[in-house]
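The values are calculated or read from the model by the stated rules, or taken from the named source; none is laboratory data. Everything numeric here is computed off the predicted structure, so don't read it as measured data. Don't worry about glycine lacking a Cβ; one is built from the backbone with ideal geometry, like all the others, and counts go over all protein chains shown.
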Amino acid sequence: MDSITGNPVDFATAVLIEPKSGKEIDGQISDEKGQIRMIEVPTGTYELVITFLGYEDRRIPVVLTPEKPDADLETVYLLPTGISLEEVTVTGEAAIVENKVDRIVYNAEKDVANRGGDASDVLRRVPLLSVDLEGNVSLRGSSNIRILINGRPSGMFASSVADALKMIPADEIKSVEVITSPTAKYDGEGSAGIINIITKKNKVEGISGNVNLSAGTRLNNAVLGLSAAKGRGGININGSMFYAPPRPGEVTFYRSDNVNGAERILDQSGDSEAARLGFGGNAGAFYDFNAYNGITTRLNYRGFNQMTKMNTEALLIDPSLTENQMYQRLSDLDMLMYSYDWNTDFRRTWPDSKREWVVGFQVSGNVNDTRNDISIDGTPDALDYAEKALNNGDNLELTAQTDYTHPFSKQVLLETGLKAVRRNITSDYDYRLFDSTAMDFVPDPTRSDVFHYLQDVGAAYAS
């Protein structure tokens, strides 16, 4: 605060210095209220130096201990010196892409071009990655990849990677890591590499929100986000929806064969219409107990409903038959797929070191309900046919994992951990054929089945 007027001094520079070495530990700029906040500062004895043009420098001792890792300096007054200088503008460019030993990091939050899009738009800007018009992702030409959210697998990618990416707002993504040489810490899936999408952890005091809308002939998107943070904790909530309008399609097929000197003709034509509605959301919260211990929890929910209708008409002229065959085939497909995952991580770090210990638990599931109705109306009547197929699939996975990282030097890093997974997969397929005598759809046990799969996995790694 200005010691004379009592007004806040914004854009003042505050630097936290270690007195013995003179090393700068952290630095911040005061906001429009004159407030300065530094987080995740290691314990120790420091000196806070506050400077601003036209004011005398202030030096304040700061002591942080494991028992008291926070320090509130309350109000600091700056004394004007009476010196006034012209405005100085400093511009700089942040590094958007970082090249590391085993990965490439794309800092999406520093790229203003990502505003208003979704995750597929962000991945299109990441080096080594390619995303086609349908949202399918490949790494150096290979689609054998694995996508993680904050270092953890997510059930939302089990059904459709392209649809899942459409449901993640670009404004929610902090960075994307392309890991081309995965260590033993990661599972063996994804031989081409791993894509790790890191979401933002809002640490800005106060409440903020965003609304993004986009419309087009192929896809319409709506995204709503809300974040709030105070002190060492915060929450964020996001909801999104996309709608792909019905897209018509047509197909024709004509075939003529000479069978024993006679011409056999098959003439088919058909049309189709498909529409897709996607929905999803997530909610997350975090709390830092002190500079070295924190807990985060996050719930994701994604899904989509696809409706496809097809109409096919066919004519078969075959001299070997007593009469020509004609039929109309109608197909109605309704598919509902959704997934969810909830994960909670406790993270412990150490001062002046890259040592890290993480304990995590995750519950993820994927549900796939499909209904397909097919009917044929033909001439002769023997071609008449109708069937119903219902497939209800459920996949539940429980994961407990702990990881520890210990650097012995700049060149030597130890990664070790334990992991336990339980997978419970169920698929119930019910096939019914129309019975003209009973005038109803009758189950066909030869084409119906129930599949149940249970798997327990325990693993340890060190590299």
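Considering only residues that are farther than 21 Å from Leu78 by Cβ and not aliphatic (A, V, I, L, M), which ones fall in the range 16-47?
Glu18, Pro19, Lys20, Ser21, Gly22, Lys23, Glu40, Pro42, Thr43, Gly44, Thr45
Might you check whether a residue that is assigned to a strand (DSSP E or B), of a type outside the set (A, V, I, L, M) and touching a residue at least 60 places away in the same chain (Cβ under 8 Å) occurs anywhere in the range 314-335? Scanning the range 314-335 turns up no residue that is assigned to a strand (DSSP E or B), of a type outside the set (A, V, I, L, M) and touching a residue at least 60 places away in the same chain (Cβ under 8 Å). Just one of the listed residues (Ile50, Ile36) is outside any loop (DSSP other than H, G, I, E, B) and surrounded by 14 or more Cβ atoms within 10 Å (Cβ to Cβ), namely Ile50. Looking only at residues in the range 340-383 that are in contact (Cβ under 8 Å) with a residue 40 or more places away in the chain and of a type in the set (Asp, Glu), the one that is farthest from Glu18 (Cα to Cα) is Asp377.
A count restricted to the range 44-75 and to residues that are within 41 Å of the chain's Cα centre (by Cα) and not charged (D, E, K, R) stands at 14. Of the residues making up the range 337-385, those that are over 29 Å from the mean Cα position of the chain (by Cα) and in a strand (DSSP E or B) are Asn372, Asp373, Ile374, Ser375, Ile376, Asp377, Gly378, Thr379, Tyr385. Looking at Arg247, Arg255, Arg298, Arg264, just one residue is under 30 Å from Glu356 (Cβ atoms) and not aliphatic (A, V, I, L, M), and that residue is Arg298.
Of all residues in the range 390-432, those satisfying the criterion of being of a type in the set (Lys, Arg) and in contact with a strand residue (DSSP E or B) (Cβ under 6 Å, 6 or more places away or on another chain) are Lys419, Arg422, Arg423, Arg432.
Output the residues belonging to the range 309-336 that are more than 45 Å from the chain's Cα centre (by Cα), surrounded by 15 or more Cβ atoms within 10 Å (Cβ to Cβ) and polar (S, T, N, Q). Passing the criteria: only Gln325. Just to verify a result, which residue in the range 372-429, among those that are among the basic types (Lys, Arg) and more than 20 Å from Asp444 (Cβ to Cβ), is surrounded by the most Cβ atoms within 10 Å (Cβ to Cβ)? Within the range 372-429, the match that is surrounded by the most Cβ atoms within 10 Å (Cβ to Cβ) is Lys419. Contact map, the range 221-234: first residue under 18 Å from Thr297 (Cβ atoms), second residue among the hydrophobic types (A, V, I, L, M, F, W, C) and surrounded by 20 or more Cβ atoms within 10 Å (Cβ to Cβ), Cβ cut-off under 9 Å, separation 6 or more or different chains; pairs are Ala229/Phe286; Arg232/Phe286; Gly233/Phe286; Gly234/Phe286. Checked against (1) of a type in the set (Lys, Arg); (2) surrounded by 15 or more Cβ atoms within 10 Å (Cβ to Cβ); (3) modelled with pLDDT under 90, Lys354 meets all criteria but (2). Annotation note: of Phe279, Phe286, Phe304, the sole residue that is under 30 Å from Lys354 (Cα atoms) and touching a Gly at 6+ places or on another chain (Cβ under 7 Å) is Phe286.
Within the range 49-73, residues that are without any contact (Cβ under 8 Å) to a residue 24 or more places away in the chain and in the same structural domain as Thr5 (by TED's automatic domain parsing) sit with their Cβ atoms under 8 Å from residues that are among the aromatic types (Phe, Trp, Tyr) and surrounded by 13 or more Cβ atoms within 10 Å (Cβ to Cβ), at 6+ positions apart or across chains, in these pairs: Pro61/Tyr46; Val63/Tyr46.
Within the range 399-416, one or more residues are touching a Ser or Thr at 6+ places or on another chain (Cβ under 9 Å) and under 20 Å from Tyr340 (Cβ atoms). Look at (1) more than 30 Å from Ser142 (Cα to Cα); (2) touching a Lys or Arg at 6+ places or on another chain (Cβ under 8 Å); (3) among the aliphatic types (A, V, I, L, M) and you find that Ala275 fails only one, number (1).
Here's the yes/no breakdown for (1) part of a strand (DSSP E or B); (2) within 25 Å of Arg247 (Cβ to Cβ); (3) touching a helix residue (DSSP H, G or I) at 6+ places or on another chain (Cβ under 7 Å):
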site: Glu98; (1), (2), (3): yes, no, no
site: Pro127; (1), (2), (3): no, no, no
site: Gly135; (1), (2), (3): no, yes, yes
site: Ile147; (1), (2), (3): yes, no, yes
site: Asp171; (1), (2), (3): no, no, no
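Here the condition is being exposed (fewer than 11 other Cβ atoms within 10 Å of the Cβ), modelled with pLDDT of 85 or more, farther than 30 Å from Val176 by Cβ and among the hydroxyl-bearing types (Ser, Thr, Tyr); of Thr75, Thr5, Thr45, Thr89, it holds for Thr75 alone.
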